[in-house]
Structures are given as C-alpha cells and as structure tokens.
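Just dropping this structure here.
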Amino acid sequence: MSGPGNALALDWTDPSTIGYPVLLGGVLLGSILPIVPTGAVVGAAAAIATTTHHLSLPLVILVATVAALAGDLVTFAVGRVGSEAALRWVARGQAPERLAKVREQFATRGWQLVVAGRLIPGGRIPVLLAAAALNYPLRRMVPAAALACLLWAAAYSVLGIVSGGLFDSPLIATLLATVLVLLVGVAGTLINRWRTRRKR
C-alpha cells in the first residue's frame, strides 16, 4: 500500500532517491550559478537509470535537457536585459579578452558557438554573454541552445551508462559516473589551456 508515509520512509542513503526533481533542480541551478557540477548530476542519474528501475534513461536525458536549456536562457536574459551589476556577477572569473574574442566569432557562426560553448568546459558563459551583447535573435538562440543542451545531456548520460554497465550497484555506478565526469571536465580544461598557450 503506497501513501505519504511510505514516501517519508524512503531510504535517502540510496542514490536512486535522487529523483527527477533533484535532477531538474541540480541542472537548472548549476546552469545559472556555476557552483553545481551539472555533468556529474546527469551522469549519476543516468547511472541510476541503468542499474535500477527508479529512473528512466530517456526521461533523464529529457529532464536534463529542459533544465539546462532553461538555465542557459536565464543566463542569456541576464546578459541581455540585466543591469551592469548582474552582468558583472554572471561574467565573474571570465577573462575580458576571452569574452571579446567570442564576440568577434559570434557574428559569423553564432549557432555553432552556442553548441560548442555548451560542450566545451568553460565555454558556455562567454558564449551566452557574447550572444546577449550582440543581441543574437531569440528565434535563433532557442533552437541552437536546445540542440546544444540535448547533445550535452546525451554525452554525460553516456558516462553514466558506461559506469552502470560496469557495476550493478547503483552507489558504485553513481560514484564512478561522477568521477568520470569530473575527469572529463579536468581534461577539457587542460586541453583548452594548452591550446590557448600554444596560440599565444
């Protein structure tokens, strides 16, 4: 017999209790405030979907895509209509020359940069702010961002699927997915820094 009491009696040490609301909230928050490792959240949810029946993998990808898209559009809106203080807050930690370079490239291949910015570590915020500064049309921004978020969600879900295929335990699979996502992020950051130094 199910009911509110059973919901409260869930074992919250079980990673399967992450649920869709936590996935949605984690990705949305991390897409607005870069303080949550959103890739790790998606990878963990995909690992749980692979090793248990508590989550559906297609729904994990769908929810992650919708949450990421909403977060990106909020960031874009802050850059477009927000105050100078809000813009500085969103752009904190971003090198001015990096933002200027992205703005120059945006004029010729905007939608490609939106997609690449989502997939490349550290590229999302500069691209979104450049799009806002250049008044990139919303009718072009939304489909480009939607495609970018779908590819991003699918890519990080693959890491969760791999970890889930290696281990039957949801906890171990979740931990492995998180580690894999973090390693991919670190590798991407190091590669970007190396390419930047080489160009200089």
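Just for helices (runs of 4 or more DSSP H) wholly inside the stretch 121-200: which have at least 3 residues that are surrounded by 16 or more Cβ atoms within 10 Å (Cβ to Cβ) and at pLDDT below 75?
170-199
Say we look at the stretch 50-75 and pick out the residues that are under 13 Å from ILE161 (Cα atoms) and at pLDDT 85 or above; which of these is surrounded by the fewest Cβ atoms within 10 Å (Cβ to Cβ)?
PRO58
Look through ALA85, ALA45 and report the one residue that is modelled with pLDDT of 80 or more, assigned to a helix (DSSP H, G or I) and of a type in the set (Gly, Ala, Ser).
When all the criteria are applied, what remains is ALA45.
Same structure again: So GLN94 fits all but one of (1) more than 18 Å from LEU29 (Cβ to Cβ); (2) assigned to a helix (DSSP H, G or I); (3) at pLDDT below 80; what number is the exception?
(2)
The values are calculated or read from the model by the stated rules, or taken from the named source; none is laboratory data. Please read all numbers here as calculations on a predicted model, not as lab measurements. Note: ideal-geometry Cβ built from the backbone for every residue, glycine included; neighbour counts use all protein chains shown.
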